[in-house]
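Note sheet for the following structure.
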Amino acid sequence: METAIKPTRGEDYAEWYQQVVRAADLAENSVVRGCMVIKPWGYALWERFQAELDAMFKATGHKNAYFPLFIPKSFLEKEAEHVEGFAKECAVVTHHRLVAAEGGGLMPDPRAKLEEPLIVRPTSETIIGASFAQWVQSYRDLPLLINQWANVVRWELRTRLFLRTAEFLWQEGHTAHATKEEAEEETRKMLEVYATFAQDYMAMPVYKGPKTASERFPGAVDTYSIEAMMQDRKALQAGTSHFLGQNFAKASGIRFQSKNETEEYAWTTSWGVSTRLVGALVMSHADDDGLVVPPRLAPQHLVILPVLRGEETREAVMGYVNKLAAELREVRYHGRSIDVEIDQRDIRGGEKNWDWIKRGIPLRVEVGPRDVESDAVMVSRRDRSPKDKRSMPRAELVATICRELDEMQAGLFQRALAFRAANTRVIDDEAELYDFFTPKSVKNVGGDERPEIHGGFALVHFGGDPEVENELRDKLKVTVRNIPEGVPEAEGAGKCLFTGKPSPQRVILAKSY
RNA sequence: CGGGGCGUAGCGCAGACUGGUAGCGCACCUGGUUCGGGACCAGGGGGUCGGAGGUUCAAAUCCUCUCGCCCCGACCA
């Protein structure tokens, strides 16, 4: 069967991903190396992520604020591990003025050299810490619960649209607390928020839990993550929440006077998700015809495709379409009005239809003269075959649209869950583990040599030795994604598969993005 | 930074070995026929061939230098 996206997932997964992003008109590479241009449909999606997450942050007591793009070099140097972690991928501003260069063009003015270089933020712990230090005097000033929506820059060598770009959009929560327990609770709470968002809005099942020491955020005491399985069975870290202990409070001087008159350092946390979630959405639900957007995140729920032939019926059809759109917009779906697009572009109907399939809009509704006649419409759902059209009375569509969308949302989640279950294996034998992660075939339709899609998530007992992690990474390109919580198959103590040491529970091993 | 490759129309490419100032597919524009479905026919617009220098009567093509990008590796949310 002809597919809208070539190559298909099975033929060349990496290329398929690029083609879906392009076909859905989400983003494109910019002239600036490693940076992307997010196009209107892609940005509309990001705005939906923002709207829902922002509401969840506010509901848990956080306030938005904004801090500078630039971080003085000395700030970044304050936390030893932090410097180590980010130094290699920082953009640095050294001058504040340009002058004409000999032979044309511009050059930094040597007389305008900054006394202290400024770093374009790769993350904002240190600059926000500086403000927190000033804002906090007393235990009465705590907790401080702040979130920032911003762009950050990490000078990555290899980039892929949405998954890893040199500049990306994200939110970063930063909080300060009087006690360790409260900060730890905050860290857990926000991890929970991310997990809920991933599952309820993105229809993407995730495993949540702490990272091992070697995968921790630079400077953190504990890092927790949510990990999702993509359709090539690799793991994608979709969000992180860090318990920073007093490390950054000490580095930034966030001190307060306690109730019993002692001076103490605050306990801080940070947590973030980024435009990478858009990539996660693509790789969770898109198929060989393009993107599939879960209804609860869809910028628009439904597109009406008027069949306009001949002037004599045009007015009747458009009148009917506008009336239908108005009726649908009266319907509430999870706190929003149904968002309806009427596509009147002067292009062929088939092309228009496929355009919306590739963009992944949940419902497509055709309205032509025959439908007006019978007061019925032709409805297609993105989670079904492109050719699958059902005629239904107009009133029925209006009455059942929420149920239809919820059904689709739930179906996407169930499909992703089943996929993950089918590709997750409990493993207690080293040979089996190596076999699980070693691709068997290198043949490809086009004659290219390419490893088959294989493996998945392995649940194994692991004793916590960093050397074992290094070996797994070197030999199998596999890492411990996290130590999953609330996963029955992973619960129960055992012995490390590699060293025989005691292991309190199983960890997730997987290849990852 | 090591190994390989590539810069020719918006995108994808041919032309280069054997110099004679550009061509194909898609996209775009116009007209017509179609059209409850990713159409067809005809016509048309668009490129100083990454940049600079050289050889030559003549350079996309040969030579030198240079800039940029991609892939593999290293590195990495």
### Query
Of all residues in the stretch A:323-356, which are within 12 Å of RNA strand B (Cβ to nearest atom) and farther than 19 Å from A:Ser380 by Cα?
A:Arg345, A:Asp346, A:Ile347
### Task
Could you please give the count of residues in the stretch A:249-303 that are in a loop (DSSP other than H, G, I, E, B), open to solvent by 10 Å² or more (accessible area, probe 1.4 Å) and not β-branched (Val, Ile, Thr)?
9
### Task
Select from the stretch A:64-111 the residues that are of a type in the set (A, V, I, L, M) and out of contact with any strand residue (DSSP E or B) (no Cβ under 9 Å at 6 or more places or on another chain) and write down the one among them that is farthest from A:Arg158 (Cα to Cα).
A:Ala80
### Query
Across the stretch A:81-115, which residue is farthest from RNA strand B (Cβ to nearest atom) among those that are assigned to a strand (DSSP E or B) and open to solvent by less than 70 Å² (accessible area, probe 1.4 Å)?
A:Leu114
## Note on the structure
Flagged pairs (Cβ under 6 angstrom, 6 or more apart or on separate chains; first in the stretch A:196-223, within 24 Å of A:Gly85 (Cβ to Cβ); second assigned to a loop (DSSP other than H, G, I, E, B) and within 15 Å of RNA strand B (Cβ to nearest atom)) are A:Gly209/A:Asn482; A:Lys211/A:Asn482; A:Gly219/A:Glu79; A:Thr223/A:Lys211; A:Thr223/A:Arg216; A:Thr223/A:Phe217
### Message
Name the single residue that is farthest from RNA strand B (Cβ to nearest atom) among those in the stretch A:15-53 being of a type outside the set (A, V, I, L, M, F, W, C) and open to solvent by less than 20 Å² (accessible area, probe 1.4 Å).
### Response
A:Gly42
#### Entry: Selected residue (criterion: most open to solvent (accessible area, probe 1.4 Å)) from residues of the stretch A:347-362 that are over 19 Å from A:Ala325 (Cβ atoms), in contact (Cβ under 8 Å) with a residue 12 or more places away in the chain and in a helix (DSSP H, G or I)
A:Trp354
### Message
Residues that are away from RNA strand B (no atom under 13 Å from the Cβ), open to solvent by 20 Å² or more (accessible area, probe 1.4 Å), among the polar types (S, T, N, Q) and not in a helix (DSSP H, G or I): does the stretch A:54-68 have at least one?
### Response
yes
### Task
Give the stretch A:223-248 a look and list any residue that's open to solvent by 10 Å² or more (accessible area, probe 1.4 Å) and either away from RNA strand B (no atom under 15 Å from the Cβ) or at positive phi (or both), or say none.
A:Met229, A:Gln231, A:Arg233, A:Gln246, A:Asn247
### Search result, residues across the stretch A:366-385 that are touching a residue at least 12 places away in the same chain (Cβ under 8 Å), near RNA strand B (Cβ under 6 Å from one of its atoms) and out of contact with any strand residue (DSSP E or B) (no Cβ under 6 Å at 6 or more places or on another chain)
A:Gly368, A:Pro369
### Residue list for the stretch A:336-346, filter: assigned to a loop (DSSP other than H, G, I, E, B), open to solvent by 50 Å² or more (accessible area, probe 1.4 Å) and out of contact with any Pro (no Cβ under 8 Å at 6 or more places or on another chain)
A:Arg345, A:Asp346
### Query
Has the stretch A:317-335 got any residue that is within 27 Å of the chain's Cα centre (by Cα), within 30 Å of A:Ser225 (Cα to Cα) and surrounded by fewer than 17 Cβ atoms within 10 Å (Cβ to Cβ)?
yes
### Query
Listed residues A:Ala298, A:Ala286; which is out of contact with any strand residue (DSSP E or B) (no Cβ under 6 Å at 6 or more places or on another chain), aliphatic (A, V, I, L, M) and more than 15 Å from RNA strand B (Cβ to nearest atom)?
A:Ala298
### Task
Would you confirm whether any residue within the stretch A:130-138 is farther than 21 Å from A:Ala220 by Cα, open to solvent by 10 Å² or more (accessible area, probe 1.4 Å) and assigned to a strand (DSSP E or B)?
yes
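The values are calculated or read from the model by the stated rules, or taken from the named source; none is laboratory data. Nothing here was measured: the structure is a model prediction, and the numbers come from that model. No Cβ is skipped: glycine too gets one built from the backbone with ideal geometry, and neighbour counts run over all protein chains shown. Remember, those area values only see protein heavy atoms, side chains included, never the ligands or the DNA or RNA. Shrake-Rupley method; radii C 1.70, N 1.55, O 1.52, S 1.80 Å.
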